[in-house]
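Before anything else, here's the structure in question.
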Amino acid sequence: MAYTAKDAQDKMNALIKGLDEKYTQLDQYIKTPGLTPSQRADINNLMVKVLIEVHHRKQVAAFDAAATTVIRPPTATEVKNFQNTLTELGKEIKKIATFQAVTKFVENVMTQNSQRFTDIFKTINL
C-alpha cells in the first residue's frame, strides 16, 4: 500500500499531539516543590524548545494542508509519446519521420518545462 498524503498528515498530527503531551508533563514537573533555580531554568528551557517545535510542526502541517500541486503529473498521452520516442531512439534514425518525431517530442518537453517554470515563477511572485 502506498504512503499517502493523509498518512503523512496523520503522522504529523500524532507528532504534534505527542509534543503537546511532553509540554504538559514539563509544565507539571516545573511546579514540583524542592527544585533548585537551575533545575527550573533547565526545565523552562526544555519547555521553550518543545513549544517552538510544536509551533513549527503546526506551521508545517498547515502549509502542507494548504499546498497545491504546481507541476502536474504527465498525462497518459505524454507517457506513451515518451515511450515511443525512447523506442525510436534505440533504432537507427534513418527515416526523416523518425527524426522529426524525436525532435518534436524533445521540443515539446522543453516547451512544457519552460511553461511550468514560468507558472511556478508567477506563483512565487504573487
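Please list, or write none, the aspartates and glutamates whose alpha carbon is within less than 16 Å of the alpha carbon of Lys49, excluding same-chain residues fewer than 8 places away.
Within the straight-line limit of under 16 Å, Lys49 reaches these aspartates and glutamates: Asp20, Glu21, Asp27.
Moving on. Using θ = phi - 60° and the Karplus relation 6.51 cos²θ - 1.76 cosθ + 1.60, list the HN-Hα couplings for segment 53-58 in order, rounded to whole Hz, with x at every Gly or Pro.
Calculated HN-Hα couplings, in order: 5, 4, 4, 4, 5, 5 Hz.
Are there trypsin sites (Lys or Arg not before Pro) in segment 1-67 that DSSP puts in a loop and that have at most 10 other Cβ atoms within 10 Å, and which ones?
Counting only loop positions with at most 10 other Cβ atoms within 10 Å, the trypsin sites (Lys or Arg not before Pro) in segment 1-67 are Lys31.
What's the extension gain from Asp10 to Thr36 if we count 0.36 nm per residue and subtract their Cα-Cα distance?
Length gained, Asp10 through Thr36: 5.5 nm.
Pull out the extension gain between Val48 and Asp27, defined as 0.36 nm times the separation in residues minus the alpha carbon to alpha carbon distance; nm, one decimal.
Length difference between fully extended and current span is 6.5 nm.
Taking R0 as 41 Å, what's the FRET efficiency between Val60 and Glu107 from their Cβ-Cβ distance, rounded to 0.05?
E between Val60 and Glu107, to the nearest 0.05, is 0.55.
FYI, it's all coordinate maths here, none of it is from the lab. Bear in mind the structure is a predicted one, so any value in this text is a computation, not a measurement. Neighbour counts are summed over all protein chains in view; Cβ atoms, including those assigned to glycine, are modelled from backbone coordinates with ideal geometry.
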